[in-house]
Amino acid sequence: SARAAQAGGATWLGVAQLDEALMLRGAGVGGPMLTWLYVPGCDLGAAVLADIDIAVSAPWALTDLVTAAGRLGRTPRVHLKVDTGLGRNGAFGVEWSALVNASAAAVAEGAIDVVGVWSHFAYADAPDHPTVRAQQECFEDAVRELERAGVHPQLRHLANSAATLTNPSAH
């Protein structure tokens, strides 16, 4: 449970589904929290009001979030998600470049605060698998592209649960 994780020393919570994140906030679970799976047209404003960091992995999601936050007069905390090879959520290639450019414009307007950039490993529990290094390199390239666009997130997170135990180079 979220409270047990926090009692054990967790300083952040990652909750895949937006509805789960909102449920935790409704139950009084505080602290930094990130959510990343939601559908077009969902209530992203509720996440903004609940101080939940929101992952953005596509231009449509950025547009929905900027619109919702603008109606509320709030600046959401955003973590951009790049697909480095897992093929599950995240922008890749020209889609990443489009997301970077749209995000940089939204940051310049003060519409969002990009605080993080992240991805998921396909084989995190096998640190010697050849895809791990390839994904790290792809991630590093994506971060450089983001920084060239003038966006400098304080958090770069690639080490999921398994990688925190098996791959110190991804911390």
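When the chain is treated as a Gaussian network with alpha carbon springs shorter than 10 Å, the biggest mean-square fluctuation among ALA142, ALA58, ALA46 belongs to ALA46.
Considering only alpha-carbon pairs that sit under 8 angstrom and 6 or more positions apart, the relative contact order computed for the chain is 16 percent. What number comes out for the charge environment of GLY116, summing +1 per Lys or Arg and -1 per Asp or Glu over other residues with Cβ under 12 Å away? Cβ neighbours under 12 Å give a net charge of +1.
Residues whose amide H falls under 5 Å from that of LEU13, counting only those 5 or more places apart or on a different chain, are MET33, LEU34, with hydrogens built in the peptide plane. Against the criterion of solvent-accessible heavy-atom surface with a 1.4 angstrom probe, THR166, THR84 sort, most first, into THR166, THR84. Here the Gaussian network model covers the chain, with springs between Cα atoms less than 10 Å apart; of PRO32, PRO153, PRO59, PRO32 fluctuates the most.
The values are calculated or read from the model by the stated rules, or taken from the named source; none is laboratory data. Computed from a prediction, not measured in an experiment: that's the story for all the values here. Here the Cβ is made from the backbone with ideal geometry for all residues, glycine too, and neighbour counts use every protein chain on show. Accessible surface is based on the protein model in full, side chains and every heavy atom, while ligands, DNA and RNA are left aside. Shrake-Rupley method; radii C 1.70, N 1.55, O 1.52, S 1.80 Å.
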